[in-house]
Number of protein chains: 2
Amino acid sequence: MIISPEMIGYIAATLTTASFLPQAILTIKTKDTESLSLSMYSLFTLGVFFWLIYGVYISDEAIIAANAITLVLAASILTFKIYNVLFKNG
Amino acid sequence: MIISPEMIGYIAATLTTASFLPQAILTIKTKDTESLSLSMYSLFTLGVFFWLIYGVYISDEAIIAANAITLVLAASILTFKIYNVLFKNG
């Protein structure tokens, strides 16, 4: 069996996105963000946004797909965190 | 000022690696991994490994650099976690 570069990219994308999913589901469900770091999630979300732009620039589908999904998840968590910091002290 | 695709890639790489650094430093310093998920870190570390292979395949320096650094950090955390699970019940 020959594994194409595209397949490697999609395996990588699936694994890193899947590893992020449980945290995203937990946060969206409970809305609890007290143990999450605002600065870490801000850097991460911005970084994923830049990876998405980079994927578009180099026309790489695996990078676009992985970072588009992760961006939605990370931005949701960050939104809950910012809301909680502003209105609920954490 | 014109921002090249390479620059976008390196901004993305710096941001996502930087967002991961505080957790790695904390874990290496304290060796405490109780609140970290074994399955999440296993998926993530494997995913970063595949991104690194993918970067080598498509000869992309930003992807190689970001994932090589993150792989060392993630694998260190995972090693502490597995050690603690095996010998210290967490």
### Query
Taking the mean number of other Cβ atoms within 10 Å as a proxy for protection, how do you rank A:32-39, B:15-22 from highest to lowest?
B:15-22, A:32-39
### Task
Would you mind classifying the protein assembly as shown by shape? Square roots of the alpha carbon gyration tensor eigenvalues, ordered a ≥ b ≥ c; an a/c under 1.5 is rounded, otherwise it is prolate if a/b is larger than b/c and oblate if not.
oblate
## Note on the structure
Ignoring ligands, DNA and RNA, the residues of the stretch A:13-40 whose accessible area with a 1.4 Å probe is reduced by 40 Å² or more relative to the chain alone are A:15, A:16, A:19, A:40
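Using Cα pairs closer than 8 Å and at least 6 residues apart in sequence, work out the relative contact order for chain B, in percent.
In percent, rounded to a whole number, it is 40.
Summarise the accessible area of chain B (1.4 Å probe, protein heavy atoms) by the percent that is carbon and sulfur.
Numbers: 3530 of 5060 Å².
Carbon with sulfur: 70 percent of the solvent-accessible area.
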### Query
Over the stretch B:5-88, what lengths in whole Å, largest first, do the semi-axes of the equivalent ellipsoid take, defined as the square roots of 5 times the eigenvalues of the alpha-carbon gyration tensor?
26, 14, 8
### Task
Could I have the simple spin-label model distance between residue A:32 and residue B:2, label points 7 Å from Cα toward Cβ, reported in nm to one decimal?
5.2 nm
### Query
Tell me, what is the per residue accessible area of chain A in Å², probe radius 1.4 Å?
56 Å²
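Helix check for chain A. Which DSSP H runs span at least 30 Å along their own axis by Cα, with a mean Kyte-Doolittle hydropathy no less than -1.0? If you can, show how the numbers build up before the last one.
Details: long enough: A:5-30 (38 Å, 0.82); A:61-88 (39 Å, 1.45).
Correct list, ordered by number: A:5-30, A:61-88.
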### Summary
Net charge near residue B:6 (other residues with Cβ under 15 Å of its Cβ; Lys, Arg +1; Asp, Glu -1) is -3
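The values are calculated or read from the model by the stated rules, or taken from the named source; none is laboratory data. Note that the coordinates shown come from a computational prediction; the quantities given were computed from them, not determined experimentally. All Cβ positions, glycine included, derive from the backbone under ideal geometry; neighbour counts span all protein chains shown. When the accessible area is computed, the model is the full protein with side chains, heavy atoms only, and any ligands, DNA or RNA have been set aside. Shrake-Rupley method; radii C 1.70, N 1.55, O 1.52, S 1.80 Å.
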